[in-house]
Amino acid sequence: MTHMNEAVLPAGAAVGSPQQPFADRAASAHRAPRHQPAHSAFNWKRSGVRRVLLGALGLVAFVAIWKLAQDSGLGKNGTIPDPFAIPHALAEEWHSGRLASAVESSLIHYVWGLAMGTALGFALGAATALSDTLDRLLGGVVRVLRPIPPLAWVIFAIAWFKISHEGAAFVISIGVFWVNYFTTHAAVRGVDPKYYELARAFQQDGAWKRLRDVTLPAAAPGIFAGVHTGIGAALMALIAAELIGMPGIGQEMNVAAGVGDYGTVAAYMLVISAIYTVFDTFFVRLERLGTQWRPS
């Protein structure tokens, strides 16, 4: 796609007559406004401040409702923890070493499972989208295996890998695999045929060139959307697997709930949220780099 743009843009971007000097035409095509209106910059800043303030207001309201529910005794037997006690619970878990150990263990499961599921889902999704024969061959297998939830594989994960990082990563990768398989398949199948016609017009006939320069760039937004969704799906599978017995954050939550320490349970839930935020922020920046060729 990048090479095609290089070939097509000059013709489409030409401004004026053919005799007009190239430098003048380039300047005309890429001329930017000299000054940004002051009111536009002010509106942008005001909009950003307003967004931050509204977000902060929403969080304050959420904590207030949480505290009100806790004080009113809505939860049975104190199952709604005090939101203002959570920082203390986090500090206790940190000083005991349990928090760091649980996060380290969960990150090993998470990263390996996310990486394997994403890579395999992307590869097989793209392959079946590009090959009707392979798509038909695997169609029945996909219909049989897709409805099975990742947690159903926990039994086999324990039988094959025991209680280990490998078993947890295996369970997580299954959930992530299907997300990436279907989004990649749909994105590759959805590439506009006109792109392939244009590629042939510029002698981009080789299968590898067509895949590299046309298919993947055109399908990139859909593929990245699948990877983005997989980041959250991996966390859900991770905690579910650990609640059943795999070591990590989920296991610590289960232990805390067993002794009625719901403040610690909520503290670990916030840790999960923080982990997702870090990975999501990193991925959004990566996605922007991978699709920077797209018009803004």
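The values are calculated or read from the model by the stated rules, or taken from the named source; none is laboratory data. It should be emphasised that the depicted structure is a prediction, and the values quoted were computed from it without experimental measurement. As a convention, Cβ positions derive from the backbone with ideal geometry for all residues, glycine included, and neighbour counts pool all protein chains shown. Surface accessibility is based on the protein's heavy atoms, side chains included, excluding ligands, DNA and RNA. Shrake-Rupley method; radii C 1.70, N 1.55, O 1.52, S 1.80 Å.
Any chance you could tell me what percent of the C-alpha pair distances in segment 161-235 go past 18 Å? Intermediate values should be presented prior to the final figure.
Details: 1439 of 2775 pairs.
Counting every Cα pair in segment 161-235, those more than 18 Å apart make up 52 percent.
Give me Rg/Rg_expected for segment 114-205, where Rg uses Cα atoms only and Rg_expected = 2.2 N^0.38 Å with N residues. The partial results should precede the final answer.
Numbers: Rg = 16.9 Å, N = 92, 2.2 N^0.38 = 12.3 Å.
Normalised by 2.2 N^0.38 Å, the Cα Rg of segment 114-205 equals 1.37.
Whole-Hz ³J(HN,Hα) for each residue in segment 56-71, computed from phi via Karplus 6.51 cos²θ - 1.76 cosθ + 1.60 with θ = phi - 60°, x for glycine and proline: what do you get?
Taking θ as phi minus 60°, the curve returns 5, 5, x, 5, 4, 5, 4, 5, 5, 5, 4, 5, 4, 5, 5, 5 Hz for segment 56-71.
Loop-only check: which trypsin sites (Lys or Arg not before Pro) in segment 74-169 are DSSP coil with at most 13 other Cβ within 10 angstrom? Kindly include the intermediate steps, with their values, before the conclusion.
Numbers: sites: Lys76, Arg98, Arg136, Arg143, Lys162; in loops: Lys162.
Qualifying residues, ordered by number: Lys162.
With a 10 Å radius around each residue's Cβ, average the other Cβ atoms per peptide and rank 221-230, 268-277, 113-122, highest first.
Working: 221-230: 19.9, 268-277: 15.9, 113-122: 21.5.
The densest-packed peptide leads the list: 113-122, 221-230, 268-277.
Which of the peptides 175-188, 49-62 is most tightly packed, and how do the rest follow, going by the mean number of other Cβ atoms within 10 Å of each residue?
On the way: 175-188: 23.3, 49-62: 10.1.
Descending packing order for the listed peptides: 175-188, 49-62.
Mind listing the phi-derived Karplus ³J(HN,Hα) values for segment 272-281, rounded to whole Hz, using 6.51, -1.76 and 1.60 with θ = phi - 60°, and x for any glycine or proline?
For segment 272-281, the Karplus curve yields 4, 4, 5, 4, 4, 4, 4, 5, 5, 4 Hz.
For Ile80, what accessible area in Å² do you get when you roll a 1.4 Å probe over the heavy atoms of the protein chains, rounding to the nearest 10?
About 50 Å², rounded to the nearest 10.
Using only C-alpha positions, report the orientation-averaged shadow area of the convex hull of segment 154-296, nm², one decimal.
Approximately 11.1 nm², given one-decimal rounding.
Using the heavy atoms of the protein chains and a 1.4 angstrom probe, tell me the accessible area per residue for segment 216-296 in square angstrom. Walk me through the numbers on the way to the answer.
Numbers: 3960 Å² over 81 residues.
I get 49 Å² per residue for this part.
Using a Debye calculation, one point per C-alpha and no hydration shell, please list log10 I(q)/I(0) for segment 212-296 at q = 0.17, 0.20, 0.24, 0.25 Å⁻¹ in order.
-0.75, -0.89, -1.11, -1.16
With all protein chains present, how much of the accessible area of segment 150-296 (probe radius 1.4 Å) comes from carbon and sulfur, to the nearest whole percent? Write out the running numbers ahead of the final one.
Values: 4930 of 7560 Å².
Ligands and nucleic acids excluded, carbon and sulfur give 65 percent.
Put +1 on the Cβ of every Lys and Arg and -1 on every Asp and Glu Cβ in segment 33-177; which of Val60, Gly48, Gly139 then has its Cα farthest towards the positive end of the dipole?
Gly48
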